[in-house]
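Enquirer: Pasting a structure below so you can have a look.
Computed from the coordinates by the stated procedures, all read-outs in this text should not be read as laboratory data. Since we're looking at a predicted model, the values are computed, not measured. We place every Cβ from the backbone using ideal geometry, glycine too, and count neighbours over all the protein chains shown.
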Amino acid sequence: MVIASIVGFASGFINLGRVIVDHCAPPFLGAYFLKCPICSGPNPKVNYATWIPMLMMDFYFVFTIMHKGFFYPIHVVFPTTGRMVDYLEIIIRNSSSESLRLYRGVQILEAQLNDYARIRVMPAFMSGVPFVEVLSLFVIIKLHDQVPLPGFLLFPEGFITAGSALIVYETVAAILNTKSVQTIDIWKQRFSRGKAKRREVKSLRPLMVKFGSNYIDKGTPLITQDFCINQTVSMLLMKR
């Protein structure tokens with residue numbers, strides 16, 4: 001939630017600075033309501049009685065779009081995954097046979113999360129965020145002298161946000177999968193004598209966050225970052 005607020009405010013102020021420097025920068029309101037030159041030229045004269053409300057509306061639009069875009073991953077998927085890891089740690093510390101019933105409760109939560117997110121939210125996150133990271137890193141390395149300030153600041157912001165979101169979330173989701181596998185292995189040894197408990201443990205499956213037909217495991221964070229680096233290098237070689 002804090003990240004969403006910071007990124008929303010930062011993006012709003014960066015775009016606000018871009019509009020102040022270039023009044024006719026699309027797709028902001030100045031490009032449609034001001035008397036802009038056909039080609040690039042000096043900024044047109046503005047009436048501050050209308051210019052200030054236009055700036056406020058542009059800031060509000062960007063801030064709202066960022067918050068709407070971050071709502072599902074930041075406020076639904078990320079907290080639910082982190083909470084499942086916390087629940088799993090509590091279950092691991094509980095040495096009684098009641099822990100099996102608690103684990104099934106977490107399985108129900110995992111099934112609800114995957115049913116909600118694996119078709120649209122997670123595929124969009126797993127494909128769109130690496131694209132933002134690759135594009136931002138390419139612009140930072142290759143086009144830093146061609147993109148004027150303050151618009152250039154959007155690319156370091158996008159790279160930091162996308163990279164940290166990928167690494168942190170994929171790591172948490174991988175921890176969920178790894179700990180659930182370790183927990184089931186421990187229970188197989190602990191309840192190996194009772195026939196009913198042994199069958200109940202065998203019926204359990206590891207927890208996993210799915211996107212499409214795949215899921216996040218302990219190798220996914222490294223694979224994703226390796227993909228982003230390789231694509232950035234390929235783009236740099238093509239540009240050269």
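Enquirer: Just want the ordering: S180, S11, S127, from fewest to most Cβ atoms lying within 10 Å of their own Cβ. Kindly include the intermediate steps, with their values, before the conclusion.
Expert: Values: S180 24, S11 20, S127 11.
Starting with the residue having the fewest Cβ neighbours, the order is S127, S11, S180.
Enquirer: Tell me the angle of helix 220-239 to the major Cα principal axis of the chain, expressed in degrees between 0 and 90 and rounded to the nearest ten.
Expert: 30 degrees
Enquirer: For a Förster distance of 25 Å, can you work out the FRET efficiency between the beta-carbons of T178 and I140, rounded to the nearest 0.05?
Expert: Values: r = 33 Å, r/R0 = 1.32.
It comes out at approximately 0.15.
Enquirer: Computed from the coordinates I sent, Kirkwood radius over Cα pairs in Å equals one of [x] 21.1; [y] 17.8; [z] 18.5. Tell me the label.
Expert: Here Kirkwood radius over Cα pairs in Å agrees with entry [x].
Enquirer: Provide M238, M84, M57 in ascending order of the number of other Cβ atoms located within 10 Å of each residue's Cβ, fewest first. Show your work: numbers first, answer last.
Expert: Numbers: M238 8, M84 23, M57 12.
Ordered by Cβ neighbours within 10 Å, fewest first: M238, M57, M84.
Enquirer: Follow-up question, since we're still on this one. Separation between the F71 and N43 pseudo-spin-labels, each 7 Å from Cα along Cα→Cβ, expressed in nm?
Expert: Using points 7 Å along Cα→Cβ, the separation is 3.3 nm.
Enquirer: Could you identify which residue out of A196, A174, A162 has the top mean-square fluctuation in a GNM of the chain using Cα springs shorter than 10 Å?
Expert: A196
Enquirer: Ranked by Cβ crowding within 10 angstrom, fewest neighbours first, how are F13, F131 ordered?
Expert: Fewest-to-most ranking of F13, F131: F131, F13.
Enquirer: What full-extension length gain, to one decimal in nm, is calculated for F61 and I90 as 0.36 nm per residue of separation minus the Cα-Cα distance?
Expert: On the way: separation 29, 0.36 × 29 = 10.44 nm, distance 4.23 nm.
Answer, rounded to one decimal: 6.2 nm.
Enquirer: Based on Cβ point charges of +1 for Lys and Arg and -1 for Asp and Glu, what charge dipole magnitude is obtained for segment 72-239 about its Cα centre, in debye rounded to the nearest 20?
Expert: Numbers: 20 positive and 13 negative charges, 255 e Å.
Roughly 1220 debye for segment 72-239.
Enquirer: While we're here: Whole percent per 5 Å bin, from 0 to the bin with the longest distance: what is P(r) over all C-alpha pairs of segment 175-225?
Expert: Result returned by the calculation: 4, 19, 21, 19, 13, 11, 8, 3, 1.
Enquirer: May I pose another question? So what's the angle, to the nearest 10 degrees on a 0 to 90 scale, between helix 154-190 and the longest Cα principal axis of the chain?
Expert: On a 0 to 90 degree scale, this one is about 0.
Enquirer: Separate question: With springs connecting C-alpha atoms under 10 Å apart, model the chain as a Gaussian network and identify which of I91, I38, I229 has the largest mean-square fluctuation.
Expert: I38
Enquirer: Follow-up question, since we're still on this one. Just subtract the alpha-carbon distance of R104 and V233 from 0.36 nm times their residue separation and send over the number in nm, one decimal.
Expert: Values: separation 129, 0.36 × 129 = 46.44 nm, distance 4.47 nm.
Extra length available between R104 and V233 comes to 42.0 nm.
Enquirer: What lysines sit close enough to K35 to cross-link, taking a C-alpha to C-alpha distance under 19 Å and skipping anything fewer than 8 places away on the same chain?
Expert: Cross-link targets: K45.
Enquirer: If I fit a long axis through the Cα atoms of helix 78-93 and take the longest principal axis of the Cα atoms of the chain, what angle between them do I get, 0 to 90°, rounded to 10?
Expert: 20 degrees
Enquirer: What number of lysine-lysine pairs in segment 72-239 show an alpha-carbon separation below 14 angstrom, given a sequence spacing of 8 or more or placement on distinct chains?
Expert: Value for segment 72-239: 5.
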